[in-house]
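Please read the structure below before turning to the comments.
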Amino acid sequence: MQSTPGADEERWDRQRTREAFARLAAARHTNLAVFERVRDQLVVAHLNLVRYLAVKFANRGEALDDLVQVGTVGLIKAIDRFDLERGVEFTTYATPTIVGEIKRYFRDKGWAVKVPRRLQELNLSVNRAIEKLTVQLGHSPTVAELAKALNASEEEILEAQELGQAYNLLSLDTEVASDGDKNAQTLGDYIGRPDPQLANLEDRANLERAFDVLSRRERIILFLRFYESVSQTEIAKRLNVSQMHVSRLQQKALEKLREALLER
C-alpha cells in the first residue's frame, strides 16, 4: 500500500492504538471495508516507527527509502499478527518484526550474487568475532582462531570471508585510488580485452595438423614465405633452385593444404 504522511500520522497513544486493534479484530471476518480502512490507519500511524528503525541501517549502502519500504512490509506483518490478548504494547511487538524484515532484506537482497544463507550468517558471525577477538587477543585473529571461536572449519571461515566480498558490486567505472592523479584508472582498465588471436586459434590448429601432408621442402618454402616473409627469389637462392621452381612448389603445397583442410 502507498500512504502519504500527513495529519493522520501523529503519534497515537496506547489507548487509541488498542481501540483500533479491537475494531480491526471485530471487522476481520465481518466487514472487509472497515478492516482495510482501520489497517491502513494503523500503518500510517506507525510509519514513524519504521523510519526510526530504518535509519539505524541507513549507513550500510542501501537507500533509506528502500529500507523504509521494506520495514513497512514488516509493520504490516506485525499488524496482521498482533493479538491484544498478549498484554504487550504494539510498538514493543512490532519492533523486532520490522527489524527482522530489514535484516532479511540485507541478507537476501543486498548480496550481489546468490550466496547460501548458511554462509551469509557465518560471514556476519565472522565479522563480529574478528572485532571481539581483536580486543581479547590484542591482534587480528587467525583463521584457526576464528574457526575455534565459531566452532567451524577453517575452510568454512575462508569461504565465508571470500563470499563477503560479493555483498556489493563495484562499477567498472569506479576509480582506483590515485592520490589526486587526474588520469586515474578505473577498474575497467584492469579487465582483460578480447584477444584477436583467439579467433584464429582453431584455424591455426587445423593448419598445423594439415602441414603433415607436406614434404619437408614444401614446409620450408611455406614457412619462409608466409612466416618469415622471405621473397621467392631469396628462397630460391637458399635452396639452390630456380625462382620458378619455388613458385611451382609453393602453389602445389597450398593446393595440398586446401584439400587437407576441406577434408577435416
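Read the figures in this text as sums done on the coordinates, not as results from a lab. Here the structure is a predicted model, which means the values were calculated and not measured. Virtual Cβ from ideal backbone geometry, glycine too; neighbours counted across all protein chains shown.
Assorted remarks:
- Both radii are taken from the alpha-carbon atoms of segment 196-262; with Rh as the Kirkwood radius, Rg/Rh is 1.02.
- Magnitude of the charge dipole for segment 196-262, about its Cα centre and with charges confined to Cβ atoms of Lys, Arg (+1) and Asp, Glu (-1), is about 320 debye.
- Only the Cβ atoms of Lys and Arg (+1) and of Asp and Glu (-1) were treated as charged; on that basis the dipole of segment 7-108 about its Cα centre amounts to roughly 280 debye.
- Each other residue within a Cβ distance under 13 Å of residue 235 adds +1 if Lys or Arg and -1 if Asp or Glu, for a net charge of +3.
- Computing Rg and the Kirkwood Rh from the Cα coordinates of segment 7-108 gives a ratio, Rg/Rh, of 0.99.
- Ordering 134-142, 69-77 by mean Cβ neighbour count within 10 Å, with the highest value first, yields 69-77, 134-142.
- Furthest towards positive pole of dipole, 99, 88, 69, structure part segment 49-105, Cβ charges: 99
- Burial order of peptide ranges 84-91, 246-253 (average beta-carbon count within 10 Å, highest first): 246-253, 84-91
- Sorted peptide list for 124-132, 226-234, criterion being average Cβ within 10 angstrom, highest first: 124-132, 226-234
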